[in-house]
Amino acid sequence: MNKINIGLQLYTLRDETAVDFEGTLRKVAALGYQGVEFAGYGDIPAEEMKSLLDELGLKGFSSHVSLQAIREDLQKEINYLKTIGAEFMICPYLMPEDRPQSSEEWSKLFSELQEIGTEVSKQGLTFGYHNHDFEFHGQVGDHNAFDAMFNQTTSAAVQVEMDVCWVQFAGKNSIEYINKYAGRLPLLHLKDFSTDEQGQMKTLELGQGSVNLPAVIEASTKAGVKWLIVEQDVCQNPPLESITNSYSWLKQNYLN
């Protein structure tokens with residue numbers, strides 16, 4: 001059976017890319033990651049980024065694009081992604097001021113996401129939404145806001161990028177959620193975590209926390225996930241060391 005592609009969410013290396021974007025991408029490619037999911041482009045023009053990715057044999061398959069950036073100039077964001085050969089544009093987060101406070105506000109947001117995704121799809125890319133935990137605490141009718149979002153949008157317009165840490169942190173069963181969205185779940189953030197004394201999430205290198213990663217990978221395979229994306233929001237070790245250790249875990253427990 002073919003293995004799922006392994007990517008890295010570059011937010012993990014935000015401090016490194018701020019200093020040397022190109023050099024950091026070179027290090028990621030050397031470690032063996034097949035692709036990257038962007039969280040900003042370091043002011044590198046799209047044609048230049050495409051050349052660099054091609055040289056390194058890295059796929060720039062996806063990008064986290066803020067709702068604010070999408071609202072300001074969707075076409076600019078689409079053009080960049082098409083130039084670098086990306087497949088996915090993901091809305092990564094809702095800032096507190098953008099978070100709906102009622103069922104009506106959530107439904108209004110879902111309509112907007114449907115509209116954005118329809119346009120993105122029309123231009124040959126796939127639009128998706130990446131969860132945290134607050135979507136599971138919002139209520140829309142009989143559903144939490146996460147489930148309501150995908151009930152009130154079409155799979156053609158809005159796909160799922162599931163972050164298993166946040167699903168589990170919200171008190172849900174991540175395997176059940178992967179199974180539930182099989183066929184609509186091309187991207188999955190593969191992460192590990194524990195909780196600190198204050199009950200806050202502490203993101204860890206793969207294999208160091210409470211997520212049943214082998215079960216997540218098995219469920220992802222059956223669900224048709226195209227990319228498993230390593231991300232660590234906050235690293236205890238230098239981030240490049242952390243992504244090396246996480247890739248080593250994947251080699252030992254999945255890839256080899």
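The values are calculated or read from the model by the stated rules, or taken from the named source; none is laboratory data. These numbers come from a predicted model, not from an experiment. Cβ atoms come from the backbone with ideal geometry, glycine included; neighbour counts cover every protein chain shown. Side chains included, ligands, DNA and RNA excluded: accessible areas come from the protein's heavy atoms. Shrake-Rupley method; radii C 1.70, N 1.55, O 1.52, S 1.80 Å.
Points to keep in mind about this one:
- Pairs meeting the criteria (first residue in segment 112-129 and more than 14 Å from LEU187 (Cβ to Cβ) and β-branched (Val, Ile, Thr), second residue open to solvent by 50 Å² or more (accessible area, probe 1.4 Å) and modelled with pLDDT of 95 or more, beta carbons under 9 Å, at least 6 apart or on different chains) are ILE116/ARG71; THR118/THR154; THR118/ALA156.
- Which numbered condition GLU72 fails, given (1) touching a Cys at 6+ places or on another chain (Cβ under 9 Å); (2) open to solvent by 40 Å² or more (accessible area, probe 1.4 Å): (1)
- For segment 81-96, the criterion of being open to solvent by less than 10 Å² (accessible area, probe 1.4 Å), closer than 23 Å to MET149 by Cα, outside any helix (DSSP H, G or I) and of a type in the set (Ser, Thr, Tyr) is satisfied by no residue at all.
Quick grid of which residues meet (1) more than 11 Å from the chain's Cα centre (by Cα); (2) over 23 Å from ILE229 (Cα atoms):
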site	(1), (2)
SER63	no, no
SER66	yes, no
ALA69	yes, no
GLU72	yes, yes
ILE78	yes, no
ALA86	yes, no
LEU94	yes, no
PRO100	yes, yes
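- Unique residue being surrounded by fewer than 18 Cβ atoms within 10 Å (Cβ to Cβ) and either out of contact with any Ser or Thr (no Cβ under 6 Å at 6 or more places or on another chain) or in contact (Cβ under 8 Å) with a residue 40 or more places away in the chain (or both) when the list is GLU176, GLU161, GLU205: GLU176
- For LEU67, the criteria (1) open to solvent by less than 10 Å² (accessible area, probe 1.4 Å); (2) in contact with a Ser or Thr (Cβ under 7 Å, 6 or more places away or on another chain) hold in every case but one, which is (2).
- Test: residue in segment 178-187 that is of a type in the set (Lys, Arg) and closer than 25 Å to LEU10 by Cβ: yes
- Residue within segment 224-243 that is of a type in the set (D, E, K, R), farther than 25 Å from PHE38 by Cβ and open to solvent by 10 Å² or more (accessible area, probe 1.4 Å) present: no
- The set of residues from segment 208-222 being surrounded by fewer than 21 Cβ atoms within 10 Å (Cβ to Cβ) and of a type in the set (Gly, Ala, Ser) comprises GLY209, SER210, ALA215.
- Residues in segment 126-151 that are within 13 Å of the chain's Cα centre (by Cα) and open to solvent by less than 10 Å² (accessible area, probe 1.4 Å): PHE127, GLY128, TYR129, HIS130, ASN131.
- Count - residues of segment 102-111 that are surrounded by 15 or more Cβ atoms within 10 Å (Cβ to Cβ) and either under 20 Å from the mean Cα position of the chain (by Cα) or among the basic types (Lys, Arg) (or both): 2
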